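Colleague: Please find one structure pasted underneath; my questions will follow.
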Amino acid sequence: MRIRAAVLHEPGRPVTVEQVELEPPQANEVLVRVAAAGVCHSDVHLADGALGEGRWPIVLGHEGAGVVEAVGEGVEHVAPGDPVAFCFVPACRECRSCRAGRPNLCEPAAANGVRGMLMDGTSRLRLPDGTVLQHGLMTACFAERTVVAKGGVVPLPEGLPLWQAALLGCGVVTGLGAVRNVGRVQAGDSVAVFGCGGVGLQVVAGARLGGAATIVAVDRVPEKLELARAQGATHAVDAGGKPVSEIRALTGGGVDVAFEVVGRPETVRLAWGAIRPGGTVVVVGLAPKGVDACVPAIEFLSDKSLRGTYYGSGDPAAELPEYARLALAGALDLARVVTHVDELDGVERALERLRRGEGARTVLVVDPALAGDVRRVGPPA
Ligand SMILES: [Zn+2]
Ligand SMILES: [Zn+2]
């Protein structure tokens, strides 16, 4: 079928919304009508060619929600008409990582994700001239419809507006998972969050849900610090000043856990300076390929840890519905991180805003009838 989708032909050229061919789902695949999609900093990295060669032409978009239209043979957990969120690591449940309880690191999903192919190693997307298109992070949801692996859709509880559910599959799973599964934030802990964009704000929300007593938000942009306060940050620190001394003063020597949600060596270094002896830095931010991060190694002697994380470091497909229920119950405000709403054709504008560091999440409403009423957006007045 013919659909409209956001295509990156090559880095450096604007992403354009155009007609592409989408093939029907094969066995163990699902066709989804996209309601809404979130624009994430990883989309900027892909669009700018910062994640390595050979990742284009591609249909971008890896965070979104929609309604199932058709399922291939072997798909039993969803049926046509079901509301779903996308999960960009469709775990195979059979490989070494999956069997070791680390489905976020599923090996075939990782290999195909980098190649932009579905789990059988092929694509369902073509340009009208026949050129094969990659599926962005196996999701390709900046499009009217998409075909994903069965593990790439997670059923949602009824009642959650899909424009909000669209945020679950990347920002929420990544941010809340980093807090729960990696930082293991406990009640009473002190936490610092470097970078309060779409994912950083979810880290703040996760730290609040985890019972952290002190949550220091660090960013250069006052609007983002305001959003972080609304998400539960107890303190806001300007990244352009002396954030490490301020955090150490606020917490009597440093935080238990610092989250780096920027993806730059400078902020990794700042986060390292902001933790107390025995503390942990969790690097959530995605750095472009070829970037090294350095910390003074002697400080490993004070029992400090530097940890990585990918996609929440848990079981995204199992945790996502739980986060959806938290949102339904009002414990997690998904709408608050949304600073801009646009249509599918606004994708390049949204990428530009991220490049300028402006705002937090943009939600692209692809199908207004499915997405639900877009209510309050942005920081509280
Ligand atoms: Zn993302
Ligand atoms: Zn696997």
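The values are calculated or read from the model by the stated rules, or taken from the named source; none is laboratory data. On a predicted model such as this, the values are computed, not experimentally measured, just so you know. Positions of Cβ are backbone-derived with ideal geometry, glycine not excepted, and every protein chain shown enters the neighbour counts. Heavy atoms of the whole protein, side chains included, go into the accessibility calculation; ligands, DNA and RNA do not. Shrake-Rupley method; radii C 1.70, N 1.55, O 1.52, S 1.80 Å.
Colleague: Just to confirm a number: summing +1 for Lys and Arg and -1 for Asp and Glu over residues other than Arg2 whose beta-carbon lies under 12 angstrom from that of Arg2, what do you get?
Modeller: Working: positive: Arg4, Arg126, Arg145; negative: Glu18, Glu21, Glu23, Glu144.
Surrounding charge for Arg2 is -1.
Colleague: Same structure again: For Ala318 and Glu23, FRET efficiency with R0 = 25 Å and r from the beta-carbon atoms, rounded to 0.05?
Modeller: Numbers: r = 30 Å, r/R0 = 1.18.
Computed FRET efficiency for Glu23 and Ala318: 0.25.
Colleague: In addition: Between Ala187 and Lys242, what length in nm is gained on full extension when 0.36 nm per residue of separation is reduced by their alpha carbon distance? Let's see the in-between values first.
Modeller: Values: separation 55, 0.36 × 55 = 19.80 nm, distance 2.73 nm.
That pair, Ala187 and Lys242, stretches by 17.1 nm at full extension.
Colleague: According to the square roots a ≥ b ≥ c of the eigenvalues of the Cα gyration tensor, what is the shape class of segment 1-144, taking rounded for a/c under 1.5, prolate for a/b larger than b/c otherwise, and oblate for the remainder?
Modeller: oblate
Colleague: Starting from the Cα-Cα distance between Arg2 and Asp129, subtract it from 0.36 nm times their residue separation and give me the gain in nm to one decimal.
Modeller: Details: separation 127, 0.36 × 127 = 45.72 nm, distance 1.25 nm.
Using 0.36 nm per residue and subtracting the Cα-Cα distance, I get 44.5 nm.
Colleague: Can you give the Rg to Rh ratio for segment 105-226, taking only C-alpha atoms and Rh from Kirkwood? The partial results should precede the final answer.
Modeller: On the way: Rg = 18.1 Å, Rh = 16.8 Å.
Ratio of gyration radius to Kirkwood radius for segment 105-226: 1.07.
Colleague: To the nearest 10 square angstrom, how much accessible area does Trp56 have with a 1.4 angstrom probe?
Modeller: That residue has around 60 Å² of solvent-accessible surface.
Colleague: In the P(r) worked out for segment 256-381, what percent of Cα pairs fall beyond 21 Å?
Modeller: Details: 4656 of 7875 pairs.
When every Cα pair of segment 256-381 is considered, 59 percent fall beyond 21 Å.
Colleague: Can you compute the label reach from Ile298? Point 7 Å from Cα along the Cβ direction, backbone N cut-off under 17 Å, restricted to segment 226-267.
Modeller: none
Colleague: Shifting gears a bit: Quick one: 3J(HN,Hα) in Hz for segment 340-346, Karplus 6.51/-1.76/1.60 with θ = phi - 60°, rounded, Gly and Pro as x.
Modeller: For segment 340-346, the Karplus curve yields 9, 10, 9, 9, 3, 5, x Hz.
Colleague: In deg cm²/dmol, rounded to 500, what helix-only [θ] at 222 nm does the chain give when every DSSP H run of at least 4 residues adds -39500 (n - 2.57) and the total is split over its residues? Could you put the intermediate results ahead of the total?
Modeller: Values: 12 runs with 97 residues, N = 381.
Calculated mean residue ellipticity at 222 nm is -7000 deg cm²/dmol.
Colleague: Report, please, the projected area of segment 328-373 averaged over directions, based on the convex hull of its C-alpha atoms, in nm². All intermediate terms of the calculation are to be shown ahead of the outcome.
Modeller: Numbers: hull surface 14.8 nm².
Averaging across all directions leaves 3.7 nm² for the Cα convex hull.
Colleague: In terms of modelled amide H atoms, which long-range or inter-chain residues lie less than 5 Å from the amide H of Val75?
Modeller: Hits under the 5 Å cutoff: Asn28.
Colleague: Would you kindly give the portion of the calculated P(r) for segment 165-233 that falls above 18 Å, as a percent of all Cα pairs?
Modeller: Details: 655 of 2346 pairs.
Tail of the P(r) past 18 Å holds 28 percent of the pairs.
Colleague: State, to one decimal in nm, how far the label point of Ala100 lies from the label point of Glu73, with both points 7 Å from Cα in the Cβ direction.
Modeller: Each label point is offset 7 Å from its Cα along the Cβ direction, giving 3.4 nm.
Colleague: Can you compute the radius of gyration and Dmax for the chain, using only the Cα atoms, both in Å?
Modeller: For the chain, the Cα-based Rg and Dmax read 19.8, 63 Å.
Colleague: When the Karplus curve 6.51 cos²θ - 1.76 cosθ + 1.60 is applied with θ = phi - 60°, which whole-Hz ³J(HN,Hα) does each residue of segment 134-140 get, with x for Gly and Pro?
Modeller: These are the phi-based 3J(HN,Hα) values: 7, 8, x, 6, 6, 10, 6 Hz.
Colleague: Could you give the size of the charge dipole of segment 210-285 about its Cα centre, using +1 on the Cβ of each K and R and -1 on the Cβ of each D and E, expressed in debye and rounded to the nearest 20? Can you show the working numbers first?
Modeller: Numbers: 8 positive and 8 negative charges, 32 e Å.
Here segment 210-285 has a charge dipole of around 160 debye.
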